[in-house]
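Written out below as structure tokens is the structure these notes cover.
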Amino acid sequence: KNNIRNLLNTQQGERLFQPKLGLNLRKFLFEQVTDELIFIIQEEIIDTFKVWLPFVNIDNIEVNFDNKSNGGNSILINVIFNINRNSTSLDSVQVVIGE
């Protein structure tokens, strides 16, 4: 769970000697919310997991946007997954980008 949470919260270029590690999810904070944008975020997460966490099988990715009344935006991501070695148990991780 910690590996998934850390990968989702890491910006590309943030980690020394591994500039391709992470996702650039903050770039989507002020975009117009469409089905296409949600699909793009889901695909970016799946592609990044294939490279950095190949032992994780993603069952579902839920992406929600929260426009707060104080003008801030955030992306709520819920990843439902299982590990290759134990494919019968599902687990989930929730991450908020932009808080």
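Here are the numbers for the structure shown:
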read-out: First in the range 80-95 and within 28 Å of GLN11 (Cα to Cα) and assigned to a strand (DSSP E or B), second anywhere and modelled with pLDDT under 80 and of a type in the set (S, T, N, Q), Cβ under 9 Å, 6 or more apart; value: ASN82/THR88; ASN82/SER89; ILE83/SER89
read-out: Subset of the range 42-69 that is of a type in the set (A, V, I, L, M) and more than 15 Å from PHE30 (Cα to Cα) - its residue that is surrounded by the most Cβ atoms within 10 Å (Cβ to Cβ); value: ILE45
read-out: Filtered residues of the range 25-37 (kept if more than 11 Å from the chain's Cα centre (by Cα), closer than 16 Å to VAL95 by Cβ and part of a helix (DSSP H, G or I)); value: LYS27, PHE28
read-out: Sole exception among (1) closer than 13 Å to VAL95 by Cα; (2) touching a Gly at 6+ places or on another chain (Cβ under 8 Å) for LEU8, by number; value: (2)
read-out: Residues located in the range 1-24, provided they are closer than 14 Å to PHE49 by Cβ and part of a loop (DSSP other than H, G, I, E, B); value: LYS1, THR10, LYS20, LEU21, GLY22, LEU23
read-out: Scan of the range 1-41 for residues that are open to solvent by less than 80 Å² (accessible area, probe 1.4 Å) and in contact with a Lys or Arg (Cβ under 7 Å, 6 or more places away or on another chain), ordered by number; value: GLN11, LEU21, GLY22
read-out: Hits in the range 21-65 (condition: in contact (Cβ under 8 Å) with a residue 24 or more places away in the chain, of a type in the set (D, E, K, R) and more than 18 Å from LYS1 (Cβ to Cβ)); value: ARG26
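The values are calculated or read from the model by the stated rules, or taken from the named source; none is laboratory data. For clarity, every value in this text was computed on a predicted model and none was experimentally measured. Positions of Cβ are generated from backbone atoms using ideal geometry, with glycine treated the same way; all protein chains shown enter the neighbour counts. Note: accessible area is taken over every heavy atom of the protein model, side chains too, but ligands, DNA and RNA are not part of it. Shrake-Rupley method; radii C 1.70, N 1.55, O 1.52, S 1.80 Å.
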